[in-house]
Amino acid sequence: MYKKLVSPFQKVLLEKRMCVGCTNPLDKAKRIGKISERREMVECKCKRRYIFNKELNEYQRASFQEEQQFLKELSKKALV
Ligand SMILES: [Zn+2]
């Protein structure tokens, strides 16, 4: 019952460009890097990560897979 209520609420927060965890404005979140030309990963101060989609001009939760892939890319670059 509770779970059903959480998801639409999170969606509303994201539409308002706010972190679903701490409601901090995501426009102020730290840009940690590009995933592609149109997608950027941001990290809120509460460590939650989001994807900013420039094309749609909206924030999305980063999937676990996207996060892992991004971190892998980042560590590769750090070694070069
Ligand atoms: Zn947050």
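The values are calculated or read from the model by the stated rules, or taken from the named source; none is laboratory data. Keep in mind that what you see is a predicted model, and the values were worked out from it rather than measured. Cβ sites come from the backbone with ideal geometry, for glycine too, and all protein chains shown count toward neighbours. Heavy atoms of the whole protein, side chains included, go into the accessibility calculation; ligands, DNA and RNA do not. Shrake-Rupley method; radii C 1.70, N 1.55, O 1.52, S 1.80 Å.
The phi torsions of the range 30-45, fed into the Karplus equation with coefficients 6.51, -1.76 and 1.60 and a -60° offset, translate into couplings of 6, 6, 9, x, 8, 9, 8, 4, 9, 10, 10, 9, 10, 10, 6, 5 Hz, rounded to whole numbers, with Gly and Pro shown as x.
The slack in the chain from residue 72 to residue 16, taken as 0.36 nm per residue of separation less the alpha-carbon distance, amounts to 17.2 nm.
About its Cα centre, the chain has a charge dipole of approximately 220 debye under the convention of +1 per Lys or Arg Cβ and -1 per Asp or Glu Cβ, with nothing else charged.
Can you tell me which of 26-36, 40-50 comes out highest on packing, and rank the rest after it, using the mean Cβ neighbours within 10 Å? Let's see the in-between values first.
Numbers: 26-36: 13.8, 40-50: 16.7.
Ranked by mean Cβ neighbours within 10 Å, highest first: 40-50, 26-36.
Note on residue 56: accessible area is roughly 100 Å² with a 1.4 Å probe, heavy atoms of protein only.
Relative to the longest principal axis of the Cα atoms of the chain, the long axis of helix 2-15 makes an angle of roughly 60 degrees. Summarised in one figure, the compactness ratio Rg/Rh of the chain, Cα atoms and Kirkwood Rh, is 1.01. For the chain, the 222 nm mean residue ellipticity estimated from helices alone, with every DSSP H stretch of n ≥ 4 adding -39500 (n - 2.57) and the total spread over all residues, rounds to -12500 deg cm²/dmol.
Once you have the Cα-Cα distance between residue 56 and residue 24, take 0.36 nm times their residue separation minus that, and quote the gain in nm to one decimal. Walk me through the numbers on the way to the answer.
On the way: separation 32, 0.36 × 32 = 11.52 nm, distance 2.04 nm.
Full-extension gain reported as 9.5 nm.
Under a 5 Å amide H cut-off, with hydrogens placed 1.01 Å from N, residue 32 pairs with 41, 42, 43 among residues at least 5 apart or on other chains. Note that the chain presents 76 Å² accessible area per residue, ligands and nucleic acids not counted, probe 1.4 Å.
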